[in-house]
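Structure, as C-alpha cells:
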2 protein chains.
Amino acid sequence: MSMQDTASSGVALWRLVADGIERGIADGRFVAGDKLPGEMEIAETYRVNRHTVRRALAALAERGIVRAERGSGTYVEAQKLAYPLRSRTRFSEIVGADGREPHGRLIEASDDAATRELARELGLKAGAPLVRIEAMRLADRTPICVSTTWLSAELFPGAGNVFAATRSMTKLLEHYGVRDYRRGATRITAGIVDATDAARLDLALGRPILVVDATDHDLDGKPLVTKHSRFAAERVEFLVES
Amino acid sequence: MSMQDTASSGVALWRLVADGIERGIADGRFVAGDKLPGEMEIAETYRVNRHTVRRALAALAERGIVRAERGSGTYVEAQKLAYPLRSRTRFSEIVGADGREPHGRLIEASDDAATRELARELGLKAGAPLVRIEAMRLADRTPICVSTTWLSAELFPGAGNVFAATRSMTKLLEHYGVRDYRRGATRITAGIVDATDAARLDLALGRPILVVDATDHDLDGKPLVTKHSRFAAERVEFLVES
DNA sequence: CCAAGTTGTCTATGATACTAGACAACTTGA
DNA sequence: TCAAGTTGTCTAGTATCATAGACAACTTGG
C-alpha cells in the first residue's frame with residue numbers, strides 16, 4: 001500500500017489502516033481483551049511505515065477502541081450494540097436489554113412545512129404544517145443515533161414541548177392518546193457522516209453511518225410519525241428477523 | 001471548513017464536499033437531471049476553495065454521479081437499487097423487478113475449516129470441512145455486492161464447481177436437492193470498504209459499505225449456508241418490511 | 001539480571017492537499 | 001452582439017501526509 005495506490009481516494013493512509021483494524025474487531029478476528037499484532041507486523045501486513053500504523057492506533061485509542069501499553073502491546077477495548085428491527089421497536093427496551101442505560105436528548109424542535117415526500121409518507125397534503133424534532137439517543141452516555149422526526153402539527157399540537165419533557169417518542173404518543181403503534185416499511189442505507197452529525201455523535205469526519213428512514217403507524221395503519229435516523233455504524237449492528 | 005477542522009479526521013477536504021453533494025442526491029435534495037449550484041456557490045457553502053470543489057465534482061463525475069457541462073453547469077445523473085430483505089430473498093428477482101439484468105460471477109472457491117463462529121452458525125463442529133465461495137453480484141454490469149459463502153463440504157461436495165457452472169446459489173442448492181430455503185436472522189452494519197473489495201466493487205477507497213451476515217435454513221430449520229456480504233452503499237438501499 | 005520484543009519520541013525529506021489569484025473557453029439570456 | 005455567469009486550466013505558496021532511520025523507555029520471559 002503506497003501513496004500512489006490510494007491516490008485520489010481522498011482518505012489518508014493511516015485512516016485505511018485504522019479502518020482495517022477496526023473491521024477486524026467488528027468481524028470478530030479480534031475480541032475485547034485481545035492483543036493486536038505488534039506495530040511492525042501491522043506495518044508489514046498493510047505495507048506501510050510504522051509511523052503510519054502508530055497514527056492509526058492513536059486514532060483508535062482516542063476513540064476508546066484500543067488501548068496501548070508501552071513495552072507490552074496494544075489491546076482491544078470495545079463492543080457493538082445489537083439493535084433488532086421489529087415492528088415494535090423501542091430504543092429504551094433495546095438498550096436496557098443490553099444492560100445499558102438509555103437516554104434521550106432534544107436537540108431542537110421547530111415548525112416546518114411538509115415537502116411532497118413527507119406529505120406522501122404521512123398521508124397529508126404538501127405544505128401541511130409539521131413539527132420537526134431533532135433528537136439524539138444515547139446508551140450509557142455514548143451517542144448511538146440522531147434522528148429527525150416529523151409529525152403533523154394539527155394532530156400533535158405542541159409536540160416539541162411534550163418531547164422536551166418526556167424525552168421519549170413512545171411517551172409523546174401516549175400523551176396524545178396513542179396507546180400502541182407499529183413500524184411500517186423501513187429503508188436502510190449507509191453513508192458518510194456530515195460535519196453536524198459528526199459533532200453530535202462524537203464521531204470523526206469520514207466515519208460510516210447507517211441511515212434509516214421509517215414511518216410509524218397506529219394499529220389502523222394510519223401514519224403517525226416519520227423519521228430519518230443516522231446511527232454511528234461503529235457502535236451498532238441491526239438485526240433483521242424473519 | 002478548514003484544514004484545522006478536518007485535522008486528524010483522515011479524510012481529504014474534497015472528499016467531504018463530494019460526500020455532502022452525494023448525500024444531497026441520496027436524500028432527494030437533488031434529483032436526476034437537476035442542475036447543481038455553481039462551483040463558487042458550493043465553495044461558499046462548504047467554506048472551501050473552488051479548486052477543492054472542482055476536485056470533488058471531478059470525483060463524482062468519474063463515478064458517473066454527475067456530469068459537468070462547460071459554460072452551463074453540473075448536472076445529476078444516477079439512482080439506487082431498492083433491495084427488500086425478506087425471508088425469501090433472491091438477488092435475481094430483486095434486480096429483475098428493478099428492470100435491470102442480474103449477473104453472478106465466481107471470484108474464487110476453496111476449501112476451508114470451520115472456525116468456532118462458523119461452526120455454531122452452521123450447526124457443525126469447529127474445524128469441520130467447509131467450501132468457501134467468494135462471489136460477486138451485478139446489475140447491468142454495475143457491481144452491487146461481493147459475498148463470502150460457506151457450506152458444509154460434506155453436505156455439498158464440489159459446491160464450488162456447481163456454483164461456477166450455475167452462478168446462482170438457488171440453483172446450487174437445487175442441484176443438491178434443496179427445493180426451498182429461508183433466510184434466518186440477518187445482521188446488518190456499515191463499514192468502510194477495504195482495498196480488495198474496493199477493486200472488486202469498482203469503489204473508491206473510503207466509501208461506505210453495508211455489511212450483511214446471514215444464514216439460510218431449509219424448511220425444517222436446518223442451516224444450509226452462511227454468508228458475509230458487502231454491498232456498495234451508494235448503489236443500494238435495503239427495505240425491511242414489518 | 002539480561003535479551004528480545006514492545007511502545008514512545010525525536011529529526012529529516014519528498015509527495016500531496018489545499019488555498020489563492022488570474023485568465024481562457026463556453027453558454028445563456030437580454 | 002454583449003454582458004453575466006458558468007466550467008476549464010494555468011502558476012505559486014503553505015501545511016499536512018507518509019516515509020525513513022535512530023534511539024529511549026518499558027515489559028516479559030528465561
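Miscellaneous remarks
- Computed [θ] at 222 nm, deg cm²/dmol, chain B (DSSP H ≥ 4; -39,500 (n - 2.57); rounded to nearest 500): -8500 deg cm²/dmol
- In a simple Cβ point-charge model (Lys, Arg +1; Asp, Glu -1; nothing else charged), the stretch A:3-76 has a dipole of about 160 debye relative to its Cα centre.
- In Hz, Karplus ³J(HN,Hα) per residue of the stretch A:145-155 (6.51, -1.76, 1.60; θ = phi - 60°; x = Gly, Pro): 8, 10, 9, 9, 10, 10, 10, 5, 6, 7, 6
- The GluC sites (Glu not before Pro) of the stretch B:130-206 that DSSP puts in a loop, and whose beta carbon has at most 14 other beta carbons within 10 Å, are B:Glu154.
- DSSP-loop chymotrypsin sites (Phe, Trp or Tyr not before Pro) across the stretch A:134-242, with at most 16 other Cβ within 10 angstrom: A:Tyr176
- Proximity of backbone amide H atoms, modeled 1.01 Å from N, is registered between A:Ala68 and A:Tyr75 at under 5 Å, excluding neighbours fewer than 5 places apart on the same chain.
- Segment B:Ala128..B:Ala82, full-extension length gain: 12.9 nm, with 0.36 nm per residue of separation and the alpha-carbon distance subtracted.
- Of all beta bridges that DSSP places with both ends in the protein assembly as shown, some 90 percent have antiparallel geometry.
- In nanometres and ascending order, the distances from the B:Ala32 label point to those of the other copies are 4.6 (point 7 Å from Cα along Cα→Cβ).
- Percentage relative contact order, chain B, counting C-alpha pairs under 8 Å, at least six apart: 16
- Rounded to 10°, Cα long-axis angle of helix B:13-26 versus longest principal axis of chain B: 70
- C-alpha long axis of helix B:50-62 to longest principal axis of chain B, angle in °: 30
- Pairwise label distance in nanometres, A:Ala199 with A:Leu155, each label 7 Å out on the Cα-Cβ vector: 3.3
- For B:Leu130, the residues whose modelled amide H falls within less than 5 Å of its own, excluding neighbours fewer than 5 places apart on the same chain, are B:Asp112, B:Ala113, B:Ala114, B:Ala153.
- Taking Cα centre as origin and charging only the Cβ of basic (Lys, Arg, +1) and acidic (Asp, Glu, -1) residues, the dipole magnitude of the protein assembly as shown rounds to 40 debye.
- Antiparallel DSSP beta bridges within chain A, percent to nearest 5: 90
Every number in this text was worked out from the coordinates using simple rules, so none of it is lab data. Predicted, not measured: the structure shown is a model, and the values here were computed from it. All Cβ positions, even for glycine, are placed from backbone atoms using ideal geometry, and neighbour counts span all protein chains on display.
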